[in-house]
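A short write-up of the structure that comes next.
The values are calculated or read from the model by the stated rules, or taken from the named source; none is laboratory data. A quick note: this is a predicted structure, and the numbers were derived from the prediction, not measured. A quick note on method: Cβ atoms are made from the backbone with ideal geometry, for glycine too, and the neighbour counts reach across all protein chains shown. Please note that ligands, DNA and RNA were not included when accessible areas were found on the heavy atoms of the full protein model with its side chains. Shrake-Rupley method; radii C 1.70, N 1.55, O 1.52, S 1.80 Å.
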Amino acid sequence: MIFSLGTSENKIDLPENSNFDIICFFRVNHAVQGDSSLWWKTLTASLRGKRSVLILDSNVGSFPAMDKTQRWQVGDNWCWLSPRSLSVISKAYSTSAMDFEQLKSFLTTYKP
């Protein structure tokens, strides 16, 4: 499923995929539209449903590939999360609520 949680006019078409969900912080054609404040609930609901999630905070030139052996991958304006990441990010979020940029920073610096 594709979730569009932004208001910026960047109307693009993203491919529907039954293997993962996509959360975008900009308008996407044929997506479930919502408020950006719902990003955490949307993310965790997908991960609890055992679905990987691609988060895009702006349009990407090429669709980032997912490495299924990793819990997460972080790029400049995107982030892949597998369901295995849920416990780590939930614990971090319960300590201090974060926005998407803070989540990317946390994932980049996280040491188990």
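Entry remark, the stretch 23-38: residues being closer than 18 Å to residue 99 by Cβ and either at pLDDT below 85 or not in a loop (DSSP other than H, G, I, E, B) (or both) number 5 in total. Inclusion of residue 41 among residues that are within 18 Å of residue 5 (Cα to Cα), charged (D, E, K, R) and open to solvent by 90 Å² or more (accessible area, probe 1.4 Å) is warranted.
For (1) among the hydroxyl-bearing types (Ser, Thr, Tyr); (2) touching a residue at least 24 places away in the same chain (Cβ under 8 Å); (3) farther than 19 Å from residue 109 by Cα, each residue gets a yes or a no:
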site: 53; (1), (2), (3): no, yes, yes
site: 61; (1), (2), (3): no, no, yes
site: 76; (1), (2), (3): no, no, no
site: 91; (1), (2), (3): no, no, no
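With the checklist (1) within 28 Å of residue 111 (Cβ to Cβ); (2) open to solvent by 50 Å² or more (accessible area, probe 1.4 Å) in hand, flag the one item residue 36 doesn't pass. Tallying (1) within 28 Å of residue 111 (Cβ to Cβ); (2) open to solvent by 50 Å² or more (accessible area, probe 1.4 Å), residue 36 fails exactly one: (1). What is the residue count in the stretch 68-80 for residues that are surrounded by 15 or more Cβ atoms within 10 Å (Cβ to Cβ) and of a type in the set (Val, Ile, Thr)? Within the stretch 68-80, residues that are surrounded by 15 or more Cβ atoms within 10 Å (Cβ to Cβ) and of a type in the set (Val, Ile, Thr) number 1. Among the conditions (1) part of a helix (DSSP H, G or I); (2) out of contact with any strand residue (DSSP E or B) (no Cβ under 8 Å at 6 or more places or on another chain), the only one that residue 76 does not satisfy is (1).
If you go through the stretch 44-67 and keep only what is open to solvent by less than 20 Å² (accessible area, probe 1.4 Å), not in a loop (DSSP other than H, G, I, E, B) and not hydroxyl-bearing (Ser, Thr, Tyr), you end up with 47, 53, 54, 55, 56. Any residue in the stretch 81-95 that is open to solvent by 70 Å² or more (accessible area, probe 1.4 Å) and outside any helix (DSSP H, G or I)? No, the stretch 81-95 has no match at all. Scan the stretch 98-112 for residues that are modelled with pLDDT of 90 or more and not in a helix (DSSP H, G or I) and the total you get is 3. Being touching a Cys at 6+ places or on another chain (Cβ under 9 Å) and not polar (S, T, N, Q) is true for just one of 56, 38. Which residue is that? Residue meeting the stated conditions: 56.
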